[in-house]
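The values are calculated or read from the model by the stated rules, or taken from the named source; none is laboratory data. Not measured: the values here are computed from a predicted model. Every residue, glycine among them, receives a Cβ derived from its backbone with ideal geometry; neighbour counts consider all protein chains shown. Just the protein is used for accessible areas: all its heavy atoms, side chains included, with ligands, DNA and RNA removed. Shrake-Rupley method; radii C 1.70, N 1.55, O 1.52, S 1.80 Å.
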Amino acid sequence: MDLTGVLSGTEPEASPEAPPGRRRWPAHRRLDVVLTLLVVGVAATWALLTPPLRAPDEPQHLNSVLRIAFGGGWPKPGEAVMAPAVQQARIDVALETDLPGRYADRGTVPQFALADIVPAADRARVTPRTALPHWPALAADDVDQMSQHPPLYYALGAGLLHVTGLVDARWDQQLLALRLLDVVLLAPLVPLAAWSARRLTGSTAAGAVAACFPLLVPQVGHILGAVNNDALVMLVGAAVTALVVRVLTGDRSLRTAAIIGAVVGIGLLTKVMAAFLLPVIALAYLLAPGGALGASTESRRRALGADARRVLLTGGVALAVGGWWWVRNIVVYGTVQPVGIDRNLDDKVSEGLGTYVVQAWRRLSRSFFGDMGWLDLRTPQSFWLTATVLLLVLGVVALTSRATWRPVAVLLALPTTLTVAILYNGWAYYQEHGLLVGHQGRYLFAGLAALAVVLAVAVRRLVGGSEARLRMAVPVVVATGIAVTFYGFRFGFTGFYRPEGTTLREAFDRWELLSPVGSGWLVAVAGTTAALAIAALALAVWQALRRPRAGV
């Protein structure tokens, strides 16, 4: 069965040149495939480029996977302890040192570039004795705070280690396998975004524009090429976005409402951020054709009742699948999400709401577009600020489209709701301690597909709604995405491995020393990604210049 036909609800048209009975994919589907492979290649390259454990909370994520894989269960929040294997891993790769490209030099902290690294072949294999802790936490760094989340993502990772036979492999090989799991979870984002844009706008080229969005955000490849539970939340957000677009284009069936609830429930078994999908779904039903906010005065009450039934069905299914976890937390712990780790940080003076919003917004924006490593490898302000302003402007442009402003408002509500939730959640801690905690752009990744569709609507609006002009704009968007992607690679490679005064060869040797695979794999994956970038751009140009045929 043709998967693309299933997703779009249509089968590919038969090509005039094809023999009878044979079908040929439309040209835009070929570009979708190449762009999907490119995004996968980009994330896989980041999976190799990022030094082991140098992504946010990656030691803790690995530790929680190992705990489940070796039968250690899911402790109460705050009671999970780092395993000996992971503690040794931190030492093997000198995690407690400063990267060459760190945003500020700390004279008292050793330099990563000068630290001794244990070669890959000498790194220890994980055993039942080293996979589980044998003593309580003695310091904050000994605590694995991930047990404040549900265990679905970690169970998935543990299953992968068992299925692939890596459960007793070297820890760095396990880490790479788990990073590649996140790459696999990222892959559906591209076709889901493309399908959503085409369904909403009726434009083939709009789908290609939406598919390019992950390439425009270097942090996507870096974070989703590392080990973290945000990958599964991102996938849930992308699937819900596609389903919400179905609702916004007329699908008000109870079956779709139930499916949406099930998908949200999976997200709720991963992270609490999935809960913020529910108000957006409710808004979608209200603004959809036949919804209460679009109905006449006479039928508004009836439409509101129908909307309420669908929203309640969605919420009920979500509660049954995964929402029960958070209800249990309230009953057992008296709060929705218990604290996973007590932070012993030096308090600062709170400077008020205005200062908080400005500082928190700056940190969110910066870490959405490009804060590599443990957010200590920061892209220049000119990069992330320009990207933020452009994204906001494009959001406003998309809202000016009369035909699609209601769906765009719903799609924008997703990252907006997530942003407001993050700011609200961090405000109380800032008031008490004067510190910013929990303001990371990756927490907005559930809205990546929604933002991709908004980008497509905005670009289509800027070219006047002409399909021909939008086809000509696709190579420009692809080229921009490729340029931004390779800027991210260069920035990451330099910041991770190349201190001032060293050669490219020395930096590459350092990369090879830290990697769990040999130089041949590093070159092959990076080279394949470059080839896919060239192929994507060439195919986009060819499609822009050729004369389209019906069904292609």
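Write down, largest first, the equivalent ellipsoid semi-axes of segment 270-408 in whole Å, where each equals the square root of 5 times an eigenvalue of the alpha-carbon gyration tensor.
Each semi-axis is the square root of five times an eigenvalue, giving 35, 27, 13 Å.
Computed over all pairs of different Cα atoms, the Kirkwood value for the hydrodynamic radius of segment 249-349 is 15.3 Å.
D by Stokes-Einstein for the chain, Kirkwood Rh over Cα pairs, 20 °C, 1.002 mPa s: 87 µm²/s. When only alpha carbons of segment 444-521 are considered, Rg and Dmax amount to 19.1, 52 Å. The alpha-carbon atoms of segment 216-271 define a convex hull whose volume equals 70 cubic angstrom per residue. When peptides 141-149, 40-48, 220-228 are sorted by average Cβ neighbour count within 10 Å, with the highest value leading, the order is 220-228, 40-48, 141-149. With θ taken as phi - 60° and the Karplus curve 6.51 cos²θ - 1.76 cosθ + 1.60 applied, the whole-hertz 3J(HN,Hα) list for segment 178-191 is 6, 4, 5, 4, 5, 4, 4, 5, 6, 3, x, 4, 5, x Hz, x standing for glycine and proline. Taking only protein heavy atoms and a 1.4 Å probe, the accessible area of the chain is 63% carbon and sulfur. Using C-alpha pairs under 8 Å with a sequence gap of at least 6, the mean separation divided by the residue count of the chain gives a relative contact order of 23 percent. With the largest listed first and rounded to whole Å, the semi-axes of the equivalent ellipsoid of segment 327-453 from the Cα gyration tensor are 29, 21, 14.
Between Leu513 and Val463, what length in nm is gained on full extension when 0.36 nm per residue of separation is reduced by their alpha carbon distance?
13.1 nm
With Cα atoms as the point set, the radius of gyration and Dmax of segment 395-450 evaluate to 14.5, 47 Å. Most tightly packed first, judged by the mean number of other beta-carbon atoms within 10 Å of their residues, the peptides 274-287, 197-210 read 197-210, 274-287. Give me Rg/Rg_expected for segment 21-156, where Rg uses Cα atoms only and Rg_expected = 2.2 N^0.38 Å with N residues. My calculation over the Cα atoms of segment 21-156 gives 1.40. Note on Glu500 and Ala320: their simple-model spin labels are 6.3 nm apart, each label 7 Å out from Cα toward Cβ. When peptides 455-466, 154-165, 238-249 are sorted by average Cβ neighbour count within 10 Å, with the highest value leading, the order is 238-249, 455-466, 154-165.
At a probe radius of 1.4 angstrom, the accessible area of the chain per residue rounds to 43 square angstrom. Here is how the number arises for the chain: DSSP H runs of 4 or more residues each give -39500 (n - 2.57), the sum is divided by the residue count, and the result at 222 nm is -19500 deg cm²/dmol.
Expressed per residue, the C-alpha convex hull volume of segment 153-274 stands at 111 Å³.
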